[in-house]
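Working notes, beginning with the structure itself.
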Amino acid sequence: MDNLDRYLDKYAELIVKVGVNVQSGQHVFVTGAVDQATLVRLVAAKAYEAGAGNVHVEWADDSLSRLKYEKAADEVFSDFPAWETAKRQAFVDKGAAFVSIVSSSPDLLKGIDSARIGSFQRASGQGLREFRRAIQSDKVSWTVVAAAGQAWSQKVFPDDAPEAAVEKLWTAIFNSVRLHEEDPVAAWRAHNETLHGKGDILNGHRFRKLHYRAPGTDLTIELPERHLWVAAGSTTVTGIDFMANMPTEEVFTVPLRSGTNGYVSSTKPLSYGGNIIDRFKLTFENGRIVKVEAEEGQDILQQLVDMDEGSHYLGEVALVPHESPISQSGILFFNTLFDENASNHLAIGSGYAFNIEGGKTMSPEELEASGVNSSITHNDFMIGSAEMDIDGIKDDGTSVPVFRKGAWAI
Ligand code: ZN
Ligand code: ZN
């Protein structure tokens with residue numbers, strides 16, 4: 001790409017200004033891979049330009065991660081170091097902004113013993129519990145964005161030469177975050193308003209339940225009384241606006257923990273724990289997953305569902321039209337940040353406190369009493385298709401079409 005440098009510069013600026021909206025004196029915690037050093041350095045530079053205090057970079061490396069899974073002793077995976085927990089907590093305590101740049105291969109850990117992956121996911125989930133809580137209640141500003149890693153690009157564009165695949169993935173990433181617009185910051189403001197408008201309509205309906213129907217899916221999800229539909233931009237408890245995911249196309253709320261019944265089938269592969277889970281079906285009784293069936297990745301999906309008690313329940317219900325811009329690109333990204341924004345989806349695990357009225361300041365016990373699920377994990381999975389119908393059911397039993405054939409009906 002001739003102008004990759006120029007786009008990376010614009011992208012870094014968007015991440016800093018719209019993603020986490022760095023404030024004067026604020027510390028910034030960046031997680032990125034060594035092969036994305038150019039973007040990571042640009043993000044650091046833009047953050048300092050915006051007046052950041054300390055920009056701390058946490059480097060990741062896919063090759064070293066895989067090497068550890070292949071060679072390290074078993075006990076390494078069940079021990080999440082206390083200093084890792086303390087490091088993040090120190091930044092949370094200072095009100096830092098958290099930027100996470102994802103670029104890993106979707107099946108980085110293919111062939112690794114799923115028990116090792118499960119151990120690490122559980123240990124890190126427990127170690128980062130407080131951090132997750134801070135994020136899920138908007139205590140700090142945070143954003144998840146992507147970068148075109150080599151192996152990931154080749155997974156998405158297997159027929160292209162390595163270099164061409166990377167270029168194509170960068171182009172897809174830049175398009176998805178509206179970088180081609182004259183003024184991307186203004187474009188995001190407009191996009192934010194559109195999505196918030198949908199959220200307002202849904203909040204106005206006060207649905208008691210949602211009923212999903214599609215091939216392989218017949219699912220009813222009850223919503224808590226004080227649920228809130230939320231989209232795109234968030235605001236921290238200290239009043240800083242930020243964009244938690246870029247791209248984002250979803251309008252979402254929290255399900256009532258005990259209120260999901262029926263079955264649902266996946267419509268896109270899910271990359272989880274460095275493995276692909278595909279063509280799977282979950283069956284629910286009173287909120288709890290009672291049956292897990294997957295044609296690919298059954299072991300790893302079972303590990304996810306068995307992580308703790310809360311991972312047997314849902315924590316998010318998100319609406320995305322089948323014809324979202326990302327969906328229209330026709331690209332299967334094998335990465336949840338993108339695929340979830342091309343499809344209706346649900347999440348296994350913890351719910352977001354901000355999806356309940358007054359939730360941001362509730363204690364974990366109060367959230368639980370409101371019907372919000374708690375878990376050490378939160379993983380979106382895709383269920384939308386052009387054949388999906390969703391009805392919203394009100395307290396008096398009346399039914400309102402919310403989705404018809406994968407598109408908004410309200
Ligand atoms: Zn989501
Ligand atoms: Zn989610």
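The values are calculated or read from the model by the stated rules, or taken from the named source; none is laboratory data. From a predicted model like this one, the values you see are computed outputs, not experimental measurements. Cβ sites come from the backbone with ideal geometry, for glycine too, and all protein chains shown count toward neighbours. What goes into the accessible areas is simple: the full protein's heavy atoms, side chains included, and nothing from ligands, DNA or RNA. Shrake-Rupley method; radii C 1.70, N 1.55, O 1.52, S 1.80 Å.
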Region 105-125: number of residues that are within 25 Å of residue 27 (Cα to Cα) and either of a type in the set (Phe, Trp, Tyr) or modelled with pLDDT of 95 or more (or both)
1
Exactly one condition in (1) assigned to a loop (DSSP other than H, G, I, E, B); (2) touching a residue at least 12 places away in the same chain (Cβ under 8 Å); (3) away from ligand 1 (no atom under 16 Å from the Cβ) is false for residue 239; which is it?
(2)
Need the failing condition index for residue 217 against (1) of a type in the set (S, T, N, Q); (2) over 20 Å from the mean Cα position of the chain (by Cα); (3) open to solvent by 20 Å² or more (accessible area, probe 1.4 Å), just the number.
(3)
Residues to consider are 177, 230; find the one that is under 26 Å from residue 143 (Cβ atoms), more than 16 Å from ligand 1 (Cβ to nearest atom) and hydrophobic (A, V, I, L, M, F, W, C).
177
Does at least one position in region 199-221 carry a residue that is in a strand (DSSP E or B), among the hydroxyl-bearing types (Ser, Thr, Tyr) and within 19 Å of residue 359 (Cα to Cα)?
no
Any hit, region 150-157, residues being closer than 20 Å to residue 234 by Cβ, out of contact with any Cys (no Cβ under 6 Å at 6 or more places or on another chain) and touching a residue at least 12 places away in the same chain (Cβ under 8 Å):
no
Look through 129, 88 and report the one residue that is among the basic types (Lys, Arg), open to solvent by 70 Å² or more (accessible area, probe 1.4 Å) and within 30 Å of residue 239 (Cβ to Cβ).
129
Wholly within region 70-160, which helices (runs of 4 or more DSSP H) include no fewer than the required count, namely at least 3 residues that are more than 22 Å from residue 307 (Cβ to Cβ)?
82-93, 150-156
Of 333, 280, which residue is under 15 Å from the mean Cα position of the chain (by Cα) and away from ligand 2 (no atom under 13 Å from the Cβ)?
333
Identify all residues within region 302-346 that are acidic (Asp, Glu) and open to solvent by 30 Å² or more (accessible area, probe 1.4 Å); write none if there are none.
306, 308, 309, 323
Hey, can you tell me all the residues within region 45-65 that are of a type in the set (Gly, Ala, Ser) and outside any helix (DSSP H, G or I)?
50, 51, 52, 53, 60
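For every residue, the table says whether it meets (1) in contact (Cβ under 8 Å) with a residue 12 or more places away in the chain; (2) in contact with a His (Cβ under 8 Å, 6 or more places away or on another chain); (3) under 23 Å from residue 17 (Cα atoms); (4) not aromatic (Phe, Trp, Tyr).
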| residue | (1), (2), (3), (4) |
| --- | --- |
| 30 | yes, yes, yes, yes |
| 33 | yes, no, yes, yes |
| 51 | yes, no, yes, yes |
| 66 | yes, no, no, yes |
Within region 332-361, can you find the residues that are over 25 Å from residue 108 (Cα atoms), out of contact with any helix residue (DSSP H, G or I) (no Cβ under 6 Å at 6 or more places or on another chain) and of a type outside the set (Ser, Thr, Tyr)?
344, 351, 355, 356, 357, 358
Residues that are in contact with a Phe, Trp or Tyr (Cβ under 8 Å, 6 or more places away or on another chain), within 11 Å of ligand 1 (Cβ to nearest atom) and not hydrophobic (A, V, I, L, M, F, W, C): does region 365-379 have at least one?
yes
Looking only at residues that are open to solvent by 10 Å² or more (accessible area, probe 1.4 Å) and of a type in the set (Val, Ile, Thr) in region 249-282, which one is farthest from residue 331 (Cα to Cα)?
276
Is it fair to say residue 300 is of a type in the set (A, V, I, L, M, F, W, C), out of contact with any His (no Cβ under 8 Å at 6 or more places or on another chain) and away from ligand 2 (no atom under 16 Å from the Cβ)?
yes
Considering residues of region 12-44 that are under 19 Å from residue 235 (Cβ atoms) and in a helix (DSSP H, G or I) only, the residue most open to solvent (accessible area, probe 1.4 Å)
17
Of residues in region 334-364 being over 15 Å from residue 277 (Cβ atoms) and touching a Leu at 6+ places or on another chain (Cβ under 8 Å), the one farthest from ligand 1 (Cβ to nearest atom)
357
Taking region 319-333 on its own, how many of its residues are within 24 Å of residue 200 (Cα to Cα) and either out of contact with any strand residue (DSSP E or B) (no Cβ under 8 Å at 6 or more places or on another chain) or within 13 Å of ligand 1 (Cβ to nearest atom) (or both)?
6
Against the condition within 16 Å of ligand 2 (Cβ to nearest atom), of a type in the set (Val, Ile, Thr) and not in a loop (DSSP other than H, G, I, E, B), how does residue 400 come out, does it pass?
no
When region 164-188 is examined, which residues are found to be basic (Lys, Arg) and either in a loop (DSSP other than H, G, I, E, B) or more than 23 Å from the chain's Cα centre (by Cα) (or both)?
178
